[in-house]
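The values are calculated or read from the model by the stated rules, or taken from the named source; none is laboratory data. Computed from a predicted model, the values in this text were never measured in an experiment. Backbone-built Cβ (ideal geometry, glycine too); neighbour counts: all protein chains shown.
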Ligand SMILES: Cc1cc2nc3c(=O)[nH]c(=O)nc-3n(C[C@H](O)[C@H](O)[C@H](O)COP(=O)(O)OP(=O)(O)OC[C@H]3O[C@@H](n4cnc5c(N)ncnc54)[C@H](O)[C@@H]3O)c2cc1C
């Protein structure tokens, strides 16, 4: 039986973070990915927060970054109109990347550091006492296993580490990539070649838990919709139909004009914040990381999944090393539990616990979005007479001022 210090299951950001860190530390690590090539199963919106890669990945300056995000835009849409808030700065903390390419690049870093990456093989089982991973009909022995299988936690469930997601705890997202020229991307989004835009959308066409996104790549743009599974079921929404409606909206269609769709994908994303993180993140020396552990934070205007995934992988790797260096490799799971609970991942998810209640409130996705658009229409509609801001706001908020004040106070506190 072949033997490794650790086996990592899954070649997304979480698994790659773990394998890279272990390989860098001179450990004998094997990463197994079921996709034919690492990265090909990776689906996300488009933006990655850079801090964790700057901190842990040597040579990060050579990563396949499409553009650094210099413009953040939040757009409220109704059927025909929109209101946008834009923040523009030369300072940046995030970049747009094509995750498939980015994860492939990370896999090369793992191999350069001495880790073994095997793709096209699905791990069938993880067995305890003694610890073994079963893949391709063979057993592989190891001191620790890191399960980084993503949002479908088949192995983690089998081991009883976590339960499956409830419909209100996950969203389904579709993403399409449109080909344009680099100069078209620059002119349509009013940016230079290395500058990117992250544009999130609230309201039309979903008007409930979910929204749209556009991210600018170098010469393509990523466009998509996300909707929480329970809302999609309750309202009989097909996310594919939503994506089509979203694309056709006048404030989205203009960005895509003449572009050809070159890629289409769909995927689930954890949406339960801290409530989606199981009480225990390990069983014996098997640890769960990334989406499998529920490490995604959605605040409505930012979504953090990839940086938390990579970081949790690093923490698992450091726990295994610490346990081995201490002479008892079997303690890795317990050390990981402590490290994650003390880390910014749980810190951030706890800090934004109340964001879940805010995002639960569908009035933000519907009533208040429509109201914002109507107020703007009211003040910019100039005929012979025009409207005072005060009068427009009073009229549009009639009968709901107290409820609105309470809702906005909760958003102010929670987000
Ligand atoms: C529509 C959408 C938009 C998003 N937008 C953003 C965004 O803009 N920014 C952001 O930071 N996050 C975003 N996210 C979240 C982000 O994509 C995830 O949090 C992150 O990619 C999780 O990484 P992971 O490594 O845990 O899982 P994954 O990337 O899903 O990797 C899991 C890997 O494990 C492999 N695997 C599974 N089972 C097995 C097995 N039995 N054997 C071998 N291999 C296996 C899979 O093939 C896969 O490659 C978005 C998600 C979605 C769906």
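A residue that is touching a strand residue (DSSP E or B) at 6+ places or on another chain (Cβ under 9 Å), within 12 Å of the ligand (Cβ to nearest atom) and outside any strand (DSSP E or B) can be found somewhere in region 107-119. Hey, among the residues in region 228-253 that are touching a helix residue (DSSP H, G or I) at 6+ places or on another chain (Cβ under 7 Å) and within 22 Å of residue 197 (Cα to Cα), which one's surrounded by the most Cβ atoms within 10 Å (Cβ to Cβ)? Filtering first and then ranking leaves 246.
Considering 198, 156, 148, the condition of being within 16 Å of the ligand (Cβ to nearest atom) and farther than 30 Å from residue 282 by Cα is satisfied by 198 alone. Which count do you get for residues in region 4-31 that are farther than 19 Å from residue 53 by Cβ and surrounded by fewer than 24 Cβ atoms within 10 Å (Cβ to Cβ)? Result for region 4-31: 6.
In this structure, residue 317 does not qualify as under 20 Å from the mean Cα position of the chain (by Cα) and within 16 Å of the ligand (Cβ to nearest atom).
Residue-wise test of (1) at pLDDT 95 or above; (2) touching a helix residue (DSSP H, G or I) at 6+ places or on another chain (Cβ under 8 Å).
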| position | (1), (2) |
| --- | --- |
| 14 | yes, yes |
| 45 | no, no |
| 52 | yes, yes |
| 64 | yes, yes |
| 70 | yes, no |
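Applying the criterion of at least 2 residues that are within 16 Å of the ligand (Cβ to nearest atom) to the strands (runs of 3 or more DSSP E) found wholly in region 1-105 leaves 2-9, 29-33, 47-49, 65-77, 94-97. Restricting 355, 323 to residues that are under 21 Å from residue 30 (Cβ atoms) and in contact with a helix residue (DSSP H, G or I) (Cβ under 6 Å, 6 or more places away or on another chain) narrows the list to 323. Of all the criteria given as (1) closer than 16 Å to residue 109 by Cα; (2) without any contact (Cβ under 8 Å) to a residue 40 or more places away in the chain; (3) touching a strand residue (DSSP E or B) at 6+ places or on another chain (Cβ under 7 Å), the one not satisfied by residue 87 is (1).
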